[in-house]
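The values are calculated or read from the model by the stated rules, or taken from the named source; none is laboratory data. Since this is a predicted model, take the numbers as computed values, not measurements. FYI the Cβ positions are ideal-geometry reconstructions off the backbone, even for glycines, and counts take in every protein chain you see. Ligands, DNA and RNA are excluded from the accessible area calculation, which covers all protein heavy atoms including side chains. Shrake-Rupley method; radii C 1.70, N 1.55, O 1.52, S 1.80 Å.
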Amino acid sequence: MKKVTVQEQGLGEKVVRHATAIGVAMKESVYPLTATVFYPRERKKMPDNLRGYLMFDPDKCISCWECAFVCPANAIQMKAAPNERYYPTVDYGKCIFCHFCVDSCSGGALKTTKIHDVAYKDMDEMLTLTEEMIEEPEIIREDKKSVEYVIDEHDLHLKRVREVDTLFVEVTPPVEIPMVSQCIDRASCIGCRVCEEVCESGAISSSIERGVLRMKIDTDKCTGCGLCVKECSMQILRLVKK
Amino acid sequence: MIDINTVITGLGIAGNQVSIPLVQQMLDLLPEIPMVKLIISFILWKPFFAALICPGFTTLGILLLFFPWIERKLCGRIQWRVGPHEIVWWLGGIIQLLADSLRFLFQEVIVHKDAHRPYFLQFPFLTFIPALLPLMFIPAGNIVAIETPYAIQIILAIICLFPLFILGLGWASNSRFAFIGTVREAFMYFAYEVPFIIAVLAMIVLYGTSDPVGIANKQTIWGIILNPIAALTFFIAAAMATSRMPFEIPEADQELAAGPHVEYSGIAFGLIYVLCYEKAYVLAGLMAILFLGGGSGPAIAGLGDLSGVIWFLLKVVIVLTTLFALRTIYPRYRLDQGLSIGWGALLSLSLIALALSIVLVQGGVI
Amino acid sequence: MATAIGESEWEVAVPEKPLKDKVYFENLKAKVIDTNLCSRCLTCAAICPGGITVVENKVDFPDYENQCLDCGACVRVCPRFVYEPKSGLGDYIDFIAGRSKRFAGQDGAMVTELIVSAIEMGMIDRGLFAGRDDKWATEMFHVRDPEQLAITSLGGTKYTFADVLPALKEAVRFTKRGVGVVGTPCIVSGVRKLQQEFPIFREKVKLVVGLFCTENFHYSDISKFLQEKGVDFSKLIKTDITKGKFIATMSDGEKVKFKVKEVEEIVASGCNVCTDFTAVESDASVGSVGSEKGFSTVIVREGNVREIISYIKEKGYADFGDAKPEELDYLINLKKGREKNIKRD
């Protein structure tokens with residue numbers, strides 16, 4: 001077993017160290033630094049990618065359910081919308097603010113805000129419906145200043161600016177890599193045409209001619225949504241870069 | 001018709017008045033009003049003044065009301081925090097303690113069913129006896145309630161009674177946390193008490209008297225310069241005795257909750273909460289007398305006897321501030337480390353201090 | 001596995017339909033299932049993108065009129081759609097008897113030894129074993145580490161059908177090096193058929209161990225039968241057929257014996273037309289017949305098994321002895337006699 005030992009110090013060194021500690025305390029009591037933000041009256045300036053309250057843009061949602069699948073806390077439930085699609089609802093009683101949903105959202109429909117102080121009156125209210133996530137929530141703000149942490153060589157300072165920080169983030173849309181579905185093992189195709197059935201953009205077509213089934217993926221029409229890749233029973237379709 | 005002056009003289013309070021030249025003329029006008037002269041003479045009667053105003057009740061009360069705030073504010077500054085802030089925030093939360101005590105006052109005092117009910121309720125009040133009695137013997141300048149040549153010994157004896165009451169608190173609580181805290185308190189009691197007494201003894205040997213006013217008068221050079229080792233020992237022992245942060249052994253928040261007084265709530269807890277401040281006040285007063293020259297200092301014109309009082313209070317406040325700032329500088333010691341400090345370094349230091357005193361006395365320095 | 005760029009146009013040869021205007025499953029149903037040719041090997045269920053499953057001991061596709069995708073995969077892989085009965089001892093390189101030192105099984109535990117040694121050699125990274133639950137029904141296990149064989153129910157004969165092939169498809173999807181599979185002759189035929197049709201199985205299924213098989217039973221039939229005979233499933237440890245007798249051994253040492261002829265009534269219908277006793281198409285066939293008590297007969301048919309056998313010999317994991325091919329003749333001929341049950345169109 002390894003024994004942890006304390007570094008031996010001479011008496012002089014000890015006295016010097018004690019004196020240093022007392023000196024620092026005296027210095028701080030006269031010219032104190034402070035790390036406290038007087039929260040309701042001023043807010044810390046949060047980074048743009050703070051994992052905060054979620055907002056949702058239904059136009060970008062492709063209803064792929066990925067956010068609900070990836071959610072480790074099971075906070076996201078998909079609910080049917082009047083337009084026969086499914087949109088996420090977030091239960092903030094369960095949400096652990098890991099933002100896997102935001103990371104996994106392929107359409108960029110879910111986005112973060114800098115709102116970190118969300119409070120509810122009861123548990124039922126914590127289930128945030130899709131409609132509530134679309135609109136920017138109303139916030140009663142008392143803050144007049146925003147505070148920035150400035151870390152210099154040794155210490156941390158607070159820099160107070162007399163301006164109100166906006167809490168909503170404009171997310172730059174993700175760079176779309178054009179993908180297209182391709183068959184990687186033509187011999188293993190069983191010809192079930194499930195891919196054709198699930199394809200929403202009509203890119204996959206088939207024709208039977210004298211005992212030979214011809215499968216064709218129209219690379220121009222294919223949107224790279226990956227539904228066929230997911231559904232292919234032999235797992236021989238892959239998304240590749242266009 | 002009884003002559004007021006006759007009454008005053010008859011009570012024997014005429015010759016022993018606190019003299020304040022600044023307001024003396026105003027006081028001289030007042031006897032025209034019948035009863036006022038009697039009341040004023042009574043208040044300015046030195047023993048009564050000492051017991052009631054300084055260093056007695058009033059000063060203690062004001063200190064208890066504001067010193068925890070000063071401590072918290074100071075520690076907050078040193079630790080990059082803010083301290084009490086929200087209550088009267090433009091004054092930095094200065095009436096925080098008033099708010100706290102109001103809360104304590106209106107909170108229910110819960111006596112759980114396993115506790116020994118009479119003792120459980122008595123001890124918080126009984127503890128005030130050892131906390132307040134030493135104030136009778138501590139002089140502020142030349143104002144003292146009871147003058148006796150054995151004052152220091154009496155103060156020591158009463159201070160040594162203090163832990164007994166805390167043990168009583170823990171015993172009456174009848175809770176495992178309280179028991180463990182109590183036993184740790186007892187351990188610490190034995191660890192600091194011996195060096196503490198020897199350090200005071202060293203100063204008594206040095207001055208050749210145990211009358212506090214005499215000690216204060218004898219310090220042409222302050223005791224802290226004459227015998228710094230005794231001062232250091234006394235200071236560390238005082239920190240241990242108040243069981244504040246570096247030696248917060250009986251009441252460790254992490255393991256023992258609040259130690260001996262874990263079961264208390266409401267005003268009973270409030271009384272216990274201020275106990276360590278009372279003890280610290282007494283010890284700081286003793287330190288001011290033994291090492292810092294008591295009420296001696298350049299006389300402030302026009303204040304007369306009050307000048308000594310102000311110097312004394314200033315010294316007490318400095319000692320208290322230093323004592324409480326320790327918690328921000330040093331991390332908390334474990335029980336075994338506390339004991340080894342008490343029985344090892346501190347005991348050796350106190351013996352060296354005693355030897356130093358004897359050498360100084362023999363060498364004719366004082 | 002994934003190539004950088006795939007193809008966007010490809011062709012699939014569609015099999016012929018005997019019944020022109022019906023979906024493929026109906027063809028399969030008419031030709032195999034309804035004629036009692038089906039061996040319940042579940043090759044079709046493994047490949048079907050729809051919902052071929054087992055309903056009341058028969059392979060079926062509920063609601064096939066609406067849900068069948070009419071792809072013909074089931075017909076392509078069914079070993080009995082175009083039935084070429086195989087029989088005899090088959091081609092072999094070596095005919096040996098072995099007894100594993102590491103594992104205890106029905107006889108020599110050579111099946112377990114072969115799969116585990118193949119995993120250790122790195123030839124495959126998982127083997128498919130049929131285990132059984134406390135009700136004596138089968139369930140599939142993916143063995144990836146020899147330590148998993150602490151589940152003692154993995155060894156030994158099951159005498160009921162196991163869903164090996166649906167599990168094989170899943171295993172093929174996740175494997176990196178290859179899969180080893182154990183099965184009765186019909187399952188071996190199914191695997192070969194899959195390999196013949198689809199390259200993905202050719203690449204990934206590296207070891208196919210066949211078992212000697214006279215006949216097999218549906219779980220519901222055999223459990224009902226044994227319960228009638230007074231066998232308590234919670235105590236049953238082992239079932240065996242020796243010298244014309246079916247022996248069920250209980251944990252308290254009690255044995256229930258009865259003649260094989262009694263059991264024949266509940267033999268699965270597909271077995272009546274099966275002529276293959278030794279799993280002719282496998283890489284190696286293993287069984288108890290043909291060697292001394294406590295040994296397993298191993299018919300080595302392919303080079304990969306010969307490598308495994310030499311690996312076992314090198315490490316000394318098993319004892320080897322002589323086997324007598326002539327002892328198998330009786331059972332081979334018995335099964336060959338079933339050829340007459342096959343109704344030809």
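Quick query: amide H of B:Glu248 versus all other amide H atoms, modeled in the peptide plane; which residues come in under 5 Å with a sequence gap of 5 or more or a different chain?
B:Tyr333
Where the eigenvalues come from the Cα gyration tensor of the range C:224-328, what are the semi-axes √(5λ) of the equivalent ellipsoid, largest first, in whole Å?
With the √(5λ) rule applied to the range C:224-328, the semi-axes are 31, 19, 12 Å.
Give the aspartates and glutamates reachable from C:Lys204 as a straight Cα distance under 12 Å; neighbours fewer than 8 places away on the same chain don't count.
Hits, sequence-local ones excluded: C:Asp125, C:Glu170.
From largest accessible area down, sort A:Lys60, C:Lys340, C:Lys29; use a 1.4 Å probe on the protein chains.
Correct descending sequence by accessible area is C:Lys340, A:Lys60, C:Lys29.
Which whole-angstrom value gives the distance between the alpha carbon centres of the range A:32-102 and the range C:183-200?
Distance between centres, Cα-based: 49 Å.
Roughly how much of B:Phe187 is accessible, in Å² to the nearest 10, using a 1.4 Å probe?
Only protein atoms counted, so the area is about 100 Å².
Which whole number of Å³ per residue matches the convex hull of the alpha-carbon atoms in the protein assembly as shown?
302 Å³
Need one number: buried accessible surface between chains A and C, 1.4 Å probe, both sides summed, DNA, RNA and ligands left out, in Å² to 100.
2600 Å²
Tell me, what is the Rg over Rh of the range B:116-362, with Rh the Kirkwood radius over Cα pairs?
That ratio is 0.99, to two decimals.
Rank C:Pro166, C:Pro15, C:Pro79 by mean-square fluctuation in a GNM of chain C with C-alpha springs under 10 angstrom and give only the top-ranked residue.
C:Pro15
Quick check on the protein assembly as shown: helices-only [θ] at 222 nm, where DSSP H runs of length 4 and up contribute -39,500 (n - 2.57) each and the sum goes over total residues. Nearest 500, please.
My calculation for the protein assembly as shown gives -12000 deg cm²/dmol from helical runs alone.
Once ligands and nucleic acids are excluded and a 1.4 Å probe is used, how much of B:Ile225 is accessible, expressed in Å² to the nearest 10?
Surface open to solvent at B:Ile225 totals about 120 Å².
Could you work out the relative contact order of chain C? I mean the mean sequence separation of Cα pairs under 8 Å and 6+ apart, divided by the number of residues, in percent.
22 percent
Apply the Karplus curve 6.51 cos²θ - 1.76 cosθ + 1.60, θ = phi - 60°, to the phi angles in the range A:17-34 and return the couplings in whole Hz, x for Gly and Pro.
Coupling constants for the range A:17-34: 5, 4, 4, 4, 4, 5, x, 4, 4, 5, 4, 5, 6, 8, 10, x, 8, 9 Hz.
Taking only protein heavy atoms and a 1.4 Å probe, what accessible area per residue, in Å², does the range B:116-362 have with all protein chains in place?
Roughly 38 Å² per residue, with all protein chains present.
Counting only other chains, what is the mean number of Cβ atoms within 10 angstrom of the Cβ of each residue in peptide A:229-240?
Mean shielding count: 4.
Quick one: Cα convex hull volume of chain C, Å³ per residue?
Per residue, the Cα convex hull of chain C comes to 144 Å³.
Pick out which of A:Ile151, A:Ile134, A:Ile208 has the largest mean-square fluctuation in a Gaussian network model of chain A, springs linking Cα atoms closer than 10 Å.
A:Ile208
Measure out, as a whole number of angstrom, how far apart the alpha-carbon centroids of the range B:171-208 and the range B:321-366 sit.
About 14 Å separates the Cα centre of the range B:171-208 from the one of the range B:321-366.
Shielding by partners for A:179-189, please: the mean number of other protein chain Cβ atoms within 10 Å of each residue's Cβ.
Mean partner shielding for this stretch: 6.
Give the long-range amide H neighbours of C:Ile237: residues separated by 5 or more places, or on another chain, with amide H under 5 Å away, using H modelled in the peptide plane at 1.01 Å from N.
Those lying under 5 Å, H to H, from C:Ile237 are C:Thr249, C:Met250, C:Ser251.
Obtain the nm distance between the two label points defined at C:Asp221 and A:Asp218 by a simple spin-label model: each point lies 7 Å from its Cα along the Cα-to-C-beta direction.
5.3 nm
Using +1 at the C-beta of Lys and Arg and -1 at the C-beta of Asp and Glu, which of B:Thr6, A:Ala80, C:Ser87 has the Cα lying farthest in the positive direction of the dipole of the protein assembly as shown?
Looking along the dipole axis, the top candidate is C:Ser87.
Among the trypsin sites (Lys or Arg not before Pro) in the range B:28-101, which ones are in a DSSP loop with at most 16 other Cβ atoms within 10 Å of the Cβ? Mind listing them?
B:Arg81
Sequence neighbours fewer than 8 away in the same chain don't count; with that in mind, list the lysines whose C-alpha is under 30 Å from A:Lys121.
Counting by Cα, and skipping residues close in sequence, A:Lys121 has these lysines nearby: A:Lys44, A:Lys45, A:Lys79, A:Lys94, A:Lys111, A:Lys144, A:Lys145.
Could you pull out every residue, at least 5 positions away or on a different chain, whose amide H is within less than 5 Å of the one on A:Ile115? Hs are placed 1.01 Å off N in the peptide plane, and Pro or chain starts have none.
A:Tyr53
Considering Cα pairs under 8 angstrom that are at least six residues apart, work out the relative contact order of chain B and quote it in whole percent.
23 percent
If you roll a 1.4 Å probe over the heavy atoms of the protein chains, what accessible area per residue do you get for chain C, in Å²?
46 Å²
Treating cross-link reach as a plain straight distance, find the lysines whose alpha-carbon is under 27 Å from the alpha-carbon of A:Lys2, omitting any fewer than eight places away in the same chain.
A:Lys14
May I ask for the distance between the Cα centers of the range A:158-201 and the range C:75-97, given as a whole number of Å?
When both Cα centres are located, 49 Å separates them.
Relative contact order, percent, of the range A:179-241 when contacts are C-alpha pairs under 8 Å separated by at least 6 residues?
The normalised contact order for the range A:179-241 reaches 49 percent.
Restricting things to alpha carbons, find the Rg to Rh ratio for chain A using the Kirkwood radius for Rh.
My calculation of the ratio gives 1.20.
Can you pull out the trypsin sites (Lys or Arg not before Pro) in the range A:1-31 that DSSP calls coil and that have at most 15 other Cβ atoms within 10 Å?
Filter output for the range A:1-31: A:Lys2, A:Lys3.
Where does the range B:8-165 land on Rg(C-alpha)/(2.2 N^0.38 Å)?
Its radius of gyration relative to the 2.2 N^0.38 Å reference: 1.39.
On the accessible surface of the protein assembly as shown, probed at 1.4 Å, how many percent belong to carbon and sulfur atoms?
58 percent
To the nearest 100 Å², how much accessible surface do chains A and B cover up together, summed over both, with a 1.4 Å probe?
By this definition, chains A and B bury close to 1200 Å².
Using the Kirkwood radius over C-alpha pairs as Rh, can you work out the diffusion coefficient of the range B:167-267 via Stokes-Einstein at 25 °C, viscosity 0.890 mPa s, in µm² per second?
Translational D for this selection: 159 µm²/s.
Give the residue list of trypsin sites (Lys or Arg not before Pro) in the range A:82-123 that are DSSP loop and have at most 15 other beta-carbon atoms within 10 angstrom.
Those satisfying the criteria are A:Arg85, A:Lys94, A:Lys121.
Just name one of B:Val282, B:Ala230, B:Met188: the one whose Cα is farthest towards the positive end of the charge dipole of the range B:171-286 (beta-carbon charges, Lys/Arg +1, Asp/Glu -1).
Of the options given, the answer is B:Ala230.
Hey, what's the per residue convex hull volume over the C-alpha atoms of the range C:296-345, in cubic angstrom?
Output value, Cα hull per residue: 107 Å³.
Karplus couplings for the range C:300-312 from phi (6.51 cos²θ - 1.76 cosθ + 1.60, θ = phi - 60°), rounded to Hz, Gly and Pro as x?
8, 10, 10, x, 4, 6, 4, 4, 5, 4, 5, 5, 5
So, R0 is 30 Å and r is the distance between the beta-carbons of C:Ile342 and C:Glu228; what FRET efficiency does that work out to, to 0.05?
Efficiency computed from Cβ-Cβ geometry: 0.45.
Would you mind finding the longest exposed-site-free stretch of chain B, with exposed GluC sites (Glu not before Pro) meaning DSSP loop and at most 13 other Cβ atoms within 10 Å?
With a cap of 13 other Cβ atoms within 10 Å, the longest stretch comes to B:109-366.
On a 24 Å Cα-Cα criterion, which of the cross-link pairs B:Lys218/B:Lys279; C:Lys193/C:Lys335; C:Lys169/C:Lys293; C:Lys261/C:Lys324; C:Lys29/C:Lys206 come out too long?
The pairs that break the limit, which is 24 Å between Cα atoms, are B:Lys218/B:Lys279; C:Lys169/C:Lys293; C:Lys261/C:Lys324; C:Lys29/C:Lys206.
Can you tell me how the range A:17-92 classifies by the Cα gyration tensor, rounded, prolate or oblate, using a/c under 1.5 as the rounded cut?
Since a/c reaches 1.5 and a/b is larger than b/c, the shape of the range A:17-92 is classed as prolate.
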